[in-house]
Protein chains: 2
Amino acid sequence: LQRIRRTLGNGIEAPGLRDDAAVLDVPGGGPLVVSVDSVVEGVHIDLGLCSPGDVGWKALMGALSDLAAMGARPVGALVALCVPESTGDGAVTLGVMEGVAAASRETACPIVGGDVSGGGVLMVAVTVLGTVEGGTAVPRHGARPDDVIFVTGPCGGSAAGLRVLRSRAGDAPADGSLAAAYRRPRARLADGATARLAGAHAMIDVSDGLALDLHRLADASGVGFALDAVPVAEGATLEEALGGGEDYELAVVIGPGDVEGYRARCAAAGLRVPSRIGVVRTDPAERRLGGEELDRLGWQHALG
Amino acid sequence: LQRIRRTLGNGIEAPGLRDDAAVLDVPGGGPLVVSVDSVVEGVHIDLGLCSPGDVGWKALMGALSDLAAMGARPVGALVALCVPESTGDGAVTLGVMEGVAAASRETACPIVGGDVSGGGVLMVAVTVLGTVEGGTAVPRHGARPDDVIFVTGPCGGSAAGLRVLRSRAGDAPADGSLAAAYRRPRARLADGATARLAGAHAMIDVSDGLALDLHRLADASGVGFALDAVPVAEGATLEEALGGGEDYELAVVIGPGDVEGYRARCAAAGLRVPSRIGVVRTDPAERRLGGEELDRLGWQHALG
């Protein structure tokens, strides 16, 4: 990734590759928050475990989660879809688009552009555009010593759902909340916008694993952290909660003086109660859960 | 495509799938012109005939051509890259990104986001964002009877370049302007912006073939056309000029009273002289070149 950044040279806006999303100043307009995310069959998803509709849903929600982590509200998405030529009847294409449409309705994010190609594997690349409406997007790098760390909900549900789906016998039904956590996760857009309005200093979505993403936030901010709790989704293990990934909860870092206001805003908005999981430390080398060092558990991208 | 549009239902902004790009109103900001375009190995490109750098260049330029056709100026692009896992040394990824970076510098369009995945085939999906800075984007559907039709440059060069590359013996060198027309086409951003400022009623890029794209513009506008000239690139055939595609010239439709102003603006901006190729007709069934009916020659997308 470093080499790619250097290759792009002056063309690249560094924040776009550092935060969950980039902030773009449009002449004559306000700042625009933009991000792109891809879902590739065999890498991120397995069509034996989820439907084309699930793929479309996850692709849009995964991209929107990057906006949520900046505290942005979506204003539109563009979808590039590549489908294997063997599915020339269009069933996979339509299935993916139905999932995209369902996620679009759920989040009130209109689809404003699209491109469909043949190709060797199913791939969906989604670009999302968002706005902070006069405010400032929340970066990864703003955490300060003594800030309080929250997470917007229990983690590990998606990884546990994947485990359940992989282990089920033949055609056994796979409904239930764990399978849904894997197949139909929800971007935490309202939670992110509320945290931004409450004055959050830093945010990240924990889609690559709570532990790894907290390390990244701490790396970007030049700080450490001490965790004393990890909210684990019902049916998930602690390891899945820390390193499973594909949960779209947000880690929210907020000044101690803003904690009560944050909780009150979440309650007023009818959101789930965020879990306090720890505090930010001055020493960047201090990265612990209870008395032990916290490993960088999570999904390390091949090229990341 | 019709079924996809229906599937997306209320989520979709119809102009996004009708024009070259969609126009998005960002709350608190001006209109944003957005489009997404993909390049897939084996469908749009052949790595035996062009380098990874060419692929990156063409992917960004192809997407930017959609902005050019709306008269928009680029403000940023996001690149989703999927590379076969066998190329784990990153050489293809870096090559593609070098081509993207070169096209980014050429057009002053910064890359503001990116995503790199493994996958079965090389695929690059590029989303571009642009602005018309207080003006109005030029649609496909605005052509009116008696308007004059221009094209910004000779056509068929890309198709002729592909023919030359396919026919060369073994390692024979493939420099020359035809090969460059295929490998390193240029989006006509300045030409599009100039035509917009001159009051163009309708525009389209001729990337799927001059004939087919003129038919589409006429379909969208509910009009016909009568052509009396086709500018053919040196070394290309008339058939390549009409149906070869991958030329990023623009077809510009402008009111008869604005023709002289358009020519003057092109000259003042140092642009190539646009070629007058015909006029718009009232009868939507009249679609001819000289005395003959013009077929819909060009690249018909499998799913279009």
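The values are calculated or read from the model by the stated rules, or taken from the named source; none is laboratory data. Note that this is a predicted model, so its numbers are computed, not measured. Backbone-built Cβ (ideal geometry, glycine too); neighbour counts: all protein chains shown. Remember, those area values only see protein heavy atoms, side chains included, never the ligands or the DNA or RNA. Shrake-Rupley method; radii C 1.70, N 1.55, O 1.52, S 1.80 Å.
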Next item on the list: Give the residues of region B:204-237 that are under 30 Å from B:Val96 (Cα atoms) and not β-branched (Val, Ile, Thr), sorted by residue number.
Entry: B:Asp205, B:Ser207, B:Asp208, B:Gly209, B:Leu210, B:Leu212, B:Asp213, B:Ala233, B:Glu234, B:Gly235, B:Ala236
Next item on the list: Among the residues of region A:81-130, count how many are part of a strand (DSSP E or B), more than 28 Å from A:Val23 (Cβ to Cβ) and of a type in the set (A, V, I, L, M, F, W, C).
Entry: 3
Notebook entry, point to check: For A:Leu78, are the conditions met, namely being in contact (Cβ under 8 Å) with a residue 12 or more places away in the chain and either open to solvent by 20 Å² or more (accessible area, probe 1.4 Å) or within 10 Å of chain B (Cβ to nearest Cβ) (or both)?
Noted result: yes
Check: in a strand (DSSP E or B) and more than 7 Å from every other protein chain (Cβ to nearest Cβ) - does that describe any residue in region A:52-61?
Finding: no
Next item on the list: Among the candidates A:Ser167, A:Ser221, A:Ser177, A:Ser158, single out the residue that is of a type outside the set (Phe, Trp, Tyr), open to solvent by less than 30 Å² (accessible area, probe 1.4 Å) and modelled with pLDDT under 95.
Entry: A:Ser158
Check: When B:Glu240 is evaluated against the numbered criteria (1) closer than 15 Å to B:Ala137 by Cβ; (2) in contact with a helix residue (DSSP H, G or I) (Cβ under 7 Å, 6 or more places away or on another chain); (3) in a helix (DSSP H, G or I), which criterion, by number, is the only one it fails?
Finding: (1)
Next item on the list: Kindly establish whether A:Ala229 is at pLDDT 95 or above, surrounded by fewer than 19 Cβ atoms within 10 Å (Cβ to Cβ) and not aromatic (Phe, Trp, Tyr).
Entry: no
Next item on the list: Give the residues of region A:105-160 that are more than 9 Å from chain B (Cβ to nearest Cβ), touching a strand residue (DSSP E or B) at 6+ places or on another chain (Cβ under 8 Å) and either over 29 Å from A:Gly209 (Cβ atoms) or charged (D, E, K, R) (or both), sorted by residue number.
Entry: A:Arg140, A:Arg144, A:Asp146, A:Asp147
Check: Is at least one residue of region A:258-274 assigned to a loop (DSSP other than H, G, I, E, B) and crowded, with 22+ Cβ neighbours inside 10 Å?
Finding: yes
Check: Looking at (1) at pLDDT 95 or above; (2) over 16 Å from B:Thr152 (Cβ atoms), which is the only condition B:Ala267 fails?
Finding: (2)
Checklist line | Matching residues in region A:197-217 - criterion: being surrounded by 24 or more Cβ atoms within 10 Å (Cβ to Cβ) and either charged (D, E, K, R) or in a strand (DSSP E or B) (or both) | finding: A:Ala202, A:Met203, A:Ile204, A:Asp205, A:Asp213
